[in-house]
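Engineer: What follows is a single structure, and I will ask about it in a moment.
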Amino acid sequence: MGDPKQEQRDFFRAEDPASGPLTTDQGVPVDHTDDSLSAGERGPTLLEDFHFREKLTRFDHERIPERVVHARGAGAYGYFEPYESCAEFTRAAFLQDPAVRTPVFVRFSTVQGPKGSADTVRDVRGFATKFYTSEGNYDLVGNNFPVFFIQDGIKFPDFVHAVKPEPHNDIPTGASAHDSLWDFVSLQPETLHAIMWLMSDRAIPRSYRMMQGFGVHTFRFVNVDGKGTFVKFHWKPRLGAHSLVWDEAQECQGRDPDFNRRDLWDAIEAGEFPEWELGVQLVPEEDEFSFDFDLLDATKLIPEEQVPVRPIGRMVLDRNPENFFAETEQVAFHTANVVPGIDFTNDPLLQARNFSYLDTQLIRLGGPNFAQLPVNRPVAPVRTNQRDGYGQSTIHRGTNYFPNSLGGGCPAHAGADPHAFRHYTEKIDGATIRRRSPSFEDHYSQPALFWNSMADWEKQHIVAAFRFELGKVEARAVRARTVEHLAKVDGELAAEVARGIGVPGPAAVAEPASKLSSPALSLRSLRGDGSIRTRRIAVLVADGVDAAQVTSVREALAAEGALVEALAPVDGSVTGSDGERYAVDRALPTMASVLYDAVLLPGGPADTPSTAEDPDAMRFVRDAYRHGKPIAAVGSGVGVLAALEPQGLRLSAEFQQVLSDQGVVTDTTPGPASPEFAQAFVDAIAAHRHWDRPPLRC
Ligand code: HDD
């Protein structure tokens, strides 16, 4: 099956550089490009040098304004296919036939930081999908949280100004831990629910491939009979949803600022195509008022236990872009890009977005013709009377107005054509008013629902995150005001946060705002297929390593789809205990534990240099332990772990068998590692992190 998007891109592809000499923009061959034309060898440069002028002018104009939010991102192409027809609820053509694959382009992003900021900041992640359907482009412009910070889009500039760097010194980059954000939060309690998500591990995903996506708003499906059904969209990653820990995320910002972008790129290059299942929560229109919140309020979610998520299809990303700027930077999403069968609701946040996205593209992409760029161009035919403007690349013919007779009345209205978009008919009756609906008033129950749904370790991470963020806030009054709001969510949460930031705890512990919980909100329930595919495992080797042990575990991990790399003090190779040379993948000093999911410590003869004597290696192991990562040690490699026992690492006394305790897997039996050992390590990696370890003392 041909990919129409690929064909389109091939059409627009630049001339093959190998097909001829360097030219100017006008196609004139250039003799050489290293010296400007000058009057004499040591004389001034001549204005006549059109190649020099063109080259510098084009360079001076290479940058376009970055996105005001979501500036930093990574994109990929792929496809979507429905599991079965959704005709009962929607007439959208791309949701009818499991045999039809719709091409997609997805862009993931952080929100606060500029284009060059680090990936692993504490932030919401954008998850925007463009479906190139046969009935035109459909954009699902979502996030990895199911709720947003504000209820009405008129507050968006306020919220974004508050979270962006402080205006006087442009600090901090990519971070929300500063006064203006928390000032805004403490005065605008509708932010609290999204803030709970922001303080949770969801805000530091391990990978773009391992996070959920949400359409956030309540949208409307419309079927062929014009019947509407409320719908919320969910993306669930096949690999499960997994997160980093905060200390690790911060170190990652320095060790590899491109951590998430590289991860996505590398996985696709390796043929490990990320996959998500699209699910929908459907609410019949008759049930609009049967919830204790308003479906039009984007700070609320519908608990999955109340309205189950129904899987309707899957999306696979299988192709990296060829040119970041042309594709990922120039892609233009818009919530109002809908197709017949998908419509809006009166959610005031969504209504504002439907204005803002087109407006922003006009400034960002320099005019109205951005839909002609290859990445934005629909695969469905485009026939309009829109004309001219900057960057017009279509050579229109014929008339440019309607009605016309000179052009045979073309393009004609779609009229009764069933593929035409017809806005959903909704009766509206109301006075002109600038007031929030009372049904939007409860700002505390759902933050409490989220808190109640967390595992103990998730709660600990949330408290630590609040302490970190508020601890960076200079204005004590802002800290105290935030705690007062938290007290209305949950007294225990407020007291724990208050204790860490030096402000008084809540005077009287009130009843929690809600006693309900939704297990589906915890990362515990999002294990995906439970596999360890694409997990990165470091093997710390040195001269004298027992290569048979490495090989046996390496093969077992590779069979499960993990990516195993041997790290040695210097690059090149090491000499094994058998005297053979073994290739090394990377030099240990160039890497760090935070760039891997787990670590293996193989053994070697006791009289050879040991990993336990290498400070880089010991730091690597200590960090892996502190960040809850699986650690496996076999043979005399267990001695490396034993070296950390005085610092608090717990190791069972019995070494003569495979032991797995809190993700620390050990086996001192000599010889190649046993299948039981390898399996215990695989299981520990599949569990992602192990939280109940005793802390290290340094
Ligand atoms: Fe937005 C970009 C997601 C509320 C205005 N938004 C943008 C992107 C994502 C979202 C994923 C990046 C798209 C890309 O990769 O190019 N935004 C959301 C979600 C929201 C939300 C899930 C709430 C449910 N946004 C929102 C509001 C407004 C905007 C309320 C304005 C009223 N968003 C924009 C924007 C951006 C944008 C300024 C910046 C760049 C762009 O649109 O193309 O128009």
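Engineer: Considering only the range 206-215, I want to know if a residue exists there that is open to solvent by 10 Å² or more (accessible area, probe 1.4 Å) and at pLDDT 95 or above. Explain how you work it out, then say what you get.
Structural biologist: The initial filter retains those residues of the range 206-215 that are open to solvent by 10 Å² or more (accessible area, probe 1.4 Å), namely 214.
This time we only want the ones that are at pLDDT 95 or above, so: 214.
Checking the range 206-215: at least one residue is open to solvent by 10 Å² or more (accessible area, probe 1.4 Å) and at pLDDT 95 or above.
Engineer: For Gln306, work out the one condition from (1) closer than 30 Å to Pro374 by Cα; (2) open to solvent by 30 Å² or more (accessible area, probe 1.4 Å) it doesn't fulfil.
Structural biologist: So Gln306 meets the others, but not (1).
Engineer: Take Phe440 and decide whether it is open to solvent by less than 30 Å² (accessible area, probe 1.4 Å), under 24 Å from Pro348 (Cβ atoms) and outside the structural domain of Thr90 (by TED's automatic domain parsing).
Structural biologist: Working: open to solvent by less than 30 Å² (accessible area, probe 1.4 Å): yes; under 24 Å from Pro348 (Cβ atoms): yes; outside the structural domain of Thr90 (by TED's automatic domain parsing): yes.
In short, yes.
Engineer: Closer than 30 Å to Pro418 by Cβ and away from the ligand (no atom under 16 Å from the Cβ), is that true of Asp179?
Structural biologist: Details: closer than 30 Å to Pro418 by Cβ: no; away from the ligand (no atom under 16 Å from the Cβ): yes.
Considered against the rule, which asks whether it is closer than 30 Å to Pro418 by Cβ and away from the ligand (no atom under 16 Å from the Cβ), Asp179 comes out as no.
Engineer: Now a separate question. Among the residues of the range 277-292, which ones are more than 28 Å from the chain's Cα centre (by Cα) and crowded, with 16+ Cβ neighbours inside 10 Å?
Structural biologist: Let us first name the residues in the range 277-292 that are more than 28 Å from the chain's Cα centre (by Cα), namely 284-292.
Phe291 - this is the single residue of the range 277-292 that is more than 28 Å from the chain's Cα centre (by Cα) and crowded, with 16+ Cβ neighbours inside 10 Å.
Engineer: Regarding the range 90-107, can at least one residue be identified that is within 16 Å of the ligand (Cβ to nearest atom), farther than 22 Å from Pro237 by Cα and either without any contact (Cβ under 8 Å) to a residue 40 or more places away in the chain or not β-branched (Val, Ile, Thr) (or both)?
Structural biologist: No: zero hits.
Engineer: Just wondering, is there one or more residues in the range 338-359 that are free of Cβ contacts under 8 Å to residues at least 40 places away in the same chain and away from the ligand (no atom under 16 Å from the Cβ)?
Structural biologist: Among the residues of the range 338-359, not one is free of Cβ contacts under 8 Å to residues at least 40 places away in the same chain and away from the ligand (no atom under 16 Å from the Cβ), which makes the answer no.
Engineer: May I ask you to say which residue of Ala162, Ala175 is part of a loop (DSSP other than H, G, I, E, B), small (Gly, Ala, Ser) and either open to solvent by 40 Å² or more (accessible area, probe 1.4 Å) or closer than 21 Å to Asp119 by Cα (or both)? Show your work before the answer.
Structural biologist: Details: Ala162 fails: part of a loop (DSSP other than H, G, I, E, B).
So the residue among Ala162, Ala175 that is part of a loop (DSSP other than H, G, I, E, B), small (Gly, Ala, Ser) and either open to solvent by 40 Å² or more (accessible area, probe 1.4 Å) or closer than 21 Å to Asp119 by Cα (or both) is Ala175.
Engineer: For the range 361-386, which residues satisfy the criterion of being open to solvent by less than 40 Å² (accessible area, probe 1.4 Å), in a helix (DSSP H, G or I) and within 15 Å of the ligand (Cβ to nearest atom)?
Structural biologist: Result: Gln361, Arg364, Phe370.
Engineer: Condition first: farther than 27 Å from Val339 by Cα and among the acidic types (Asp, Glu). Can you find one or more residues in the range 270-278 that meet it?
Structural biologist: For the range 270-278, residues farther than 27 Å from Val339 by Cα and among the acidic types (Asp, Glu): present.
Engineer: In the range 181-222, what count of residues is obtained for those that are under 24 Å from Tyr596 (Cβ atoms) and β-branched (Val, Ile, Thr)? Can you show your working first?
Structural biologist: Taking the range 181-222 as the starting set, the residues that turn out to be under 24 Å from Tyr596 (Cβ atoms) are 200-212.
Subset that is β-branched (Val, Ile, Thr): 204.
Total meeting the criteria: 1.
Engineer: Going through the range 322-360 one residue at a time, which ones are in a loop (DSSP other than H, G, I, E, B), farther than 30 Å from Ile428 by Cβ and open to solvent by 10 Å² or more (accessible area, probe 1.4 Å)?
Structural biologist: Glu322, Asn323, Gln330
Engineer: Determine, yes or no, whether Ser405 is under 35 Å from the mean Cα position of the chain (by Cα) and either open to solvent by 50 Å² or more (accessible area, probe 1.4 Å) or over 27 Å from His627 (Cα atoms) (or both).
Structural biologist: Values: under 35 Å from the mean Cα position of the chain (by Cα): no; either open to solvent by 50 Å² or more (accessible area, probe 1.4 Å) or over 27 Å from His627 (Cα atoms) (or both): yes.
Against the criterion (under 35 Å from the mean Cα position of the chain (by Cα) and either open to solvent by 50 Å² or more (accessible area, probe 1.4 Å) or over 27 Å from His627 (Cα atoms) (or both)), Ser405 does not qualify.
Engineer: In addition: Taking the residues in the range 116-145 that are over 26 Å from Ala99 (Cβ atoms) and more than 12 Å from the ligand (Cβ to nearest atom) as candidates, determine which candidate is surrounded by the most Cβ atoms within 10 Å (Cβ to Cβ).
Structural biologist: Among residues in the range 116-145 that are over 26 Å from Ala99 (Cβ atoms) and more than 12 Å from the ligand (Cβ to nearest atom), the one surrounded by the most Cβ atoms within 10 Å (Cβ to Cβ) is Asp119.
Engineer: Then there is this: Please go through the range 56-71 and pick out each residue that is within 16 Å of the ligand (Cβ to nearest atom) and among the aliphatic types (A, V, I, L, M). Give the derivation first.
Structural biologist: First, pick out the residues of the range 56-71 that are within 16 Å of the ligand (Cβ to nearest atom): 63-71.
Of everything in the range 56-71, those that are within 16 Å of the ligand (Cβ to nearest atom) and among the aliphatic types (A, V, I, L, M) turn out to be Ile64, Val68, Val69, Ala71.
The values are calculated or read from the model by the stated rules, or taken from the named source; none is laboratory data. If you're wondering where the values come from, they're calculated on a predicted model, not measured in any experiment. FYI the Cβ positions are ideal-geometry reconstructions off the backbone, even for glycines, and counts take in every protein chain you see. Calculation scope for accessible area: heavy atoms of the full protein, side chains included, ligands and nucleic acids excluded. Shrake-Rupley method; radii C 1.70, N 1.55, O 1.52, S 1.80 Å.
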